[in-house]
Amino acid sequence: MATKAFFLVALCLCILLPFSTSDHGPFRVMGRVYCDTCRAGFETNVTTYIAGARVRVECKDRDSLAVMFREEGVTDSTGTYSILVDHDHGDQMCESAFVSSPVSDCKVPDPGRSRSTIVLTRTQNGIVNDLHYANALGCFKDVPLPECYHLMKYYLADDI
């Protein structure tokens, strides 16, 4: 009887063991970079997305703030970036950050939207998906579009 119980426990462990490992493979961080054409501080109906913008994913040690991981990527024609992160970063502080824009009149990063915190671990949060989305990163257009005045008035209206 003890032999059967041992084999049953061993079989259960063999089945569950692949699910208990914390490093299932690389993460993929995805997000977008936009040009805030109204200088509103958020995406609007006239927001455009920037192809060719440079973005960085960086993870730092929580105590020493030493950079433990850094990888850069470039946005595609839809303003979307996809950066591969090689392994689990446990308790490290990770974020995606705007680096540069190829659009001559939309290069100044929005201080409130130039960085996005991301969680790149499976051990502390229960997230099992390899794909992690970062908040959109933005930069300001030098001069707002003419239609922004009416658009912002609409957004800020109390009673519609």
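Key figures
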read-out: Selection within the stretch 40-90 - closer than 16 Å to residue 114 by Cβ, in a strand (DSSP E or B) and in contact with a Pro (Cβ under 9 Å, 6 or more places away or on another chain); value: 54
read-out: Criterion: modelled with pLDDT under 90 and either more than 14 Å from the chain's Cα centre (by Cα) or within 18 Å of residue 31 (Cβ to Cβ) (or both) - qualifying residue of 145, 156; value: 156
read-out: Residue ID - farthest from residue 59 (Cα to Cα), chosen from residues in the stretch 70-82 that are buried (at least 19 other Cβ atoms within 10 Å of the Cβ) and in contact (Cβ under 8 Å) with a residue 24 or more places away in the chain; value: 79
read-out: Index of the failed condition, residue 128 passing every other in (1) in contact with a His (Cβ under 8 Å, 6 or more places away or on another chain); (2) in a loop (DSSP other than H, G, I, E, B); (3) surrounded by 14 or more Cβ atoms within 10 Å (Cβ to Cβ); value: (3)
read-out: Residue that is modelled with the lowest pLDDT, among those in the stretch 128-142 that are among the aliphatic types (A, V, I, L, M) and closer than 17 Å to residue 80 by Cα; value: 131
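The values are calculated or read from the model by the stated rules, or taken from the named source; none is laboratory data. Just so we're clear, the structure is a prediction, and the values are computed from it rather than from any experiment. We place every Cβ from the backbone using ideal geometry, glycine too, and count neighbours over all the protein chains shown.
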